[in-house]
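The structure under discussion appears below in the form of structure tokens.
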């Protein structure tokens with residue numbers, strides 16, 4: 001079996017057709033990813049074999065957050081992730097920064113503070129619940145795909161503020177667009193810094209974005225713009 005699906009005819013610009021799924025999408029087994037019927041069966045089995053309980057746990061946390069008034073932002077996130085927990089196959093949780101290519105109130109400093117508070121009061125307990133469910137699924141062997149999904153949900157439970165749930169196709173398209181934008185930005189900065197170096201102009205630390213490593217000191221002809229490993 002090929003590792004990824006071939007691009008359909010008429011799409012030579014590098015954009016994948018939304019009806020074609022890649023095996024690299026990480027939300028279950030390849031069979032569940034490629035066949036909507038099998039994906040529906042997987043969601044049904046997930047729901048009746050324990051997913052419903054963790055989904056209800058998320059909704060309970062959301063209800064308690066709404067009752068506190070000040071916890072309404074956390075409550076909204078709980079109901080979004082809870083609905084995702086009921087039927088997780090075919091969807092992914094993704095940062096809104098990565099999806100919209102810009103920050104909002106949930107992906108900035110306030111989002112970080114909100115995730116810290118969430119982790120202390122509820123996130124750690126939901127994460128433990130998902131980890132315990134994952135262990136139970138791993139023991140059955142045939143439940144390993146469900147165990148992997150529980151571990152992913154445990155990671156989401158630790159910091160859900162600033163995330164949203166979208167289809168696999170939309171998540172992959174957003175990640176490709178983010179990667180393309182980062183490469184373009186780094187290429188532009190490398191060219192600009194290179195021109196300044198060859199002209200003998202000083203290069204400040206502010207000239208280097210977060211995705212670039214500061215060049216080595218020395219001759220202006222030995223400018224090294226290296227990718228920082230992520």
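Taking segment 130-163 only, how many residues are closer than 30 Å to residue 105 by Cα and part of a helix (DSSP H, G or I)? Residues that pass the stated criteria total 12. From the list 156, 135, 120, the lone residue that is surrounded by 20 or more Cβ atoms within 10 Å (Cβ to Cβ) and at pLDDT 90 or above is 156.
Taking (1) assigned to a helix (DSSP H, G or I); (2) touching a helix residue (DSSP H, G or I) at 6+ places or on another chain (Cβ under 7 Å); (3) surrounded by fewer than 20 Cβ atoms within 10 Å (Cβ to Cβ) in turn, residue 166 satisfies each apart from (1). Looking at the structure I just gave you, is residue 97 free of Cβ contacts under 8 Å to residues at least 12 places away in the same chain and either in a helix (DSSP H, G or I) or loosely packed, with under 15 Cβ neighbours inside 10 Å (or both)? No; evaluated as a whole, the condition is false for this residue. Here 49, 45 are screened, and the one residue that is at pLDDT 85 or above, surrounded by 13 or more Cβ atoms within 10 Å (Cβ to Cβ) and under 22 Å from residue 127 (Cβ atoms) is 49. Looking at segment 100-129 only, could you name the residues that are in a helix (DSSP H, G or I), farther than 12 Å from residue 160 by Cβ and within 18 Å of the chain's Cα centre (by Cα)? Within segment 100-129, 100, 112 qualify. In the condition set (1) touching a helix residue (DSSP H, G or I) at 6+ places or on another chain (Cβ under 8 Å); (2) in a loop (DSSP other than H, G, I, E, B); (3) modelled with pLDDT of 85 or more; (4) surrounded by fewer than 20 Cβ atoms within 10 Å (Cβ to Cβ), residue 83 is compliant with all but (2).
The values are calculated or read from the model by the stated rules, or taken from the named source; none is laboratory data. Owing to the predicted nature of the structure, the values given are computational and were not obtained by experimental measurement. All Cβ positions, glycine included, derive from the backbone under ideal geometry; neighbour counts span all protein chains shown.
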